[in-house]
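S.K.: Pasting in a structure now, in structure tokens, and then I'll have a few things to ask.
The values are calculated or read from the model by the stated rules, or taken from the named source; none is laboratory data. Because the structure is predicted, anything quoted here is derived from the model rather than measured. When we count neighbours, we look across all protein chains shown, and the Cβ atoms used for this are built from the backbone with ideal geometry, even at glycine. Surface areas here come from the heavy atoms of the whole protein model, side chains and all, with no ligands, DNA or RNA. Shrake-Rupley method; radii C 1.70, N 1.55, O 1.52, S 1.80 Å.
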Amino acid sequence: MKRGEPLKRVTPLRSRSQLKAGASKKPVRRKYEPTEEPCKKIVKKRSEGKCEICGIRPGQSVHHRRKQSQGGPWTPSNCLHLCGDGRGPDGCHGMVTNTRTQYYQYGFLVYSGESWINKPVLYRGELVVLDDEGAWTPSLDFGQEAA
């Protein structure tokens, strides 16, 4: 291609009426993870149907402490059952998703280079370490040296 030469369109132009009529791209489907359903079952059993942060409202969605886009797997030690759906400001899931910075220190979120396995989380007011069997053990420290 030489300078000043017009670009050639790879895809045909579509009018707005064509786009509205359903001529747009197919919706993107989320990749199926075989570990998703067993993980959700364990996490919901551990939570006893209530939000694992506030412990008051019913749990509505499963939240990844280390995001899936950062390599966070579907394991009970990486997931929490929270109230709210995470898309809006409602519930604990919305608070964690939309105001992230302070929630890293509580263990509700884990940085991409950090391990979630031994990272304590503030579970209904108590510092605990979650395991993959659906249980938790009390933690003595929260990212600080024990005295």
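S.K.: Work through the residues other than G84 whose Cβ is under 9 Å from its Cβ and net out their charges, Lys, Arg +1 and Asp, Glu -1.
M.R.: Neighbourhood net charge equals 0.
S.K.: Then there's this: Note down the accessible area of E36, probe 1.4 Å, to the nearest 10 Å².
M.R.: Its heavy atoms expose roughly 10 Å² to the probe.
S.K.: Where a Cα-Cα gap under 19 Å defines reach, which aspartates and glutamates qualify for K50, not counting those fewer than 8 residues away within the same chain?
M.R.: Straight-distance partners of K50: E37, D85, D90, E126, D131, D132, E133.
S.K.: Right, another one. Set the Förster radius R0 to 35 Å, insert the Cβ-Cβ distance between D131 and R87 as r into 1/(1 + (r/R0)^6), and round the FRET efficiency to 0.05.
M.R.: 0.75
S.K.: Leaving out same-chain residues fewer than 8 places away, which aspartates and glutamates sit with a Cα under 13 Å from that of K67?
M.R.: In chain and number order, the partners are E114.
S.K.: Determine the order of C92, C54 by accessible area, beginning with the largest, at a probe radius of 1.4 Å. Provide the component values of the computation, followed by the final result.
M.R.: Values: C92 5, C54 40 Å².
The ordering from most to least exposed comes out as C54, C92.
S.K.: Also, I was wondering about something else. At 1.4 Å probe size, put R57, R100, R87, R65 in order of accessible surface, largest to smallest. Don't jump to the answer; show the numbers that get you there.
M.R.: Numbers: R57 110, R100 90, R87 205, R65 0 Å².
Highest to lowest solvent-accessible surface, that is R87, R57, R100, R65.
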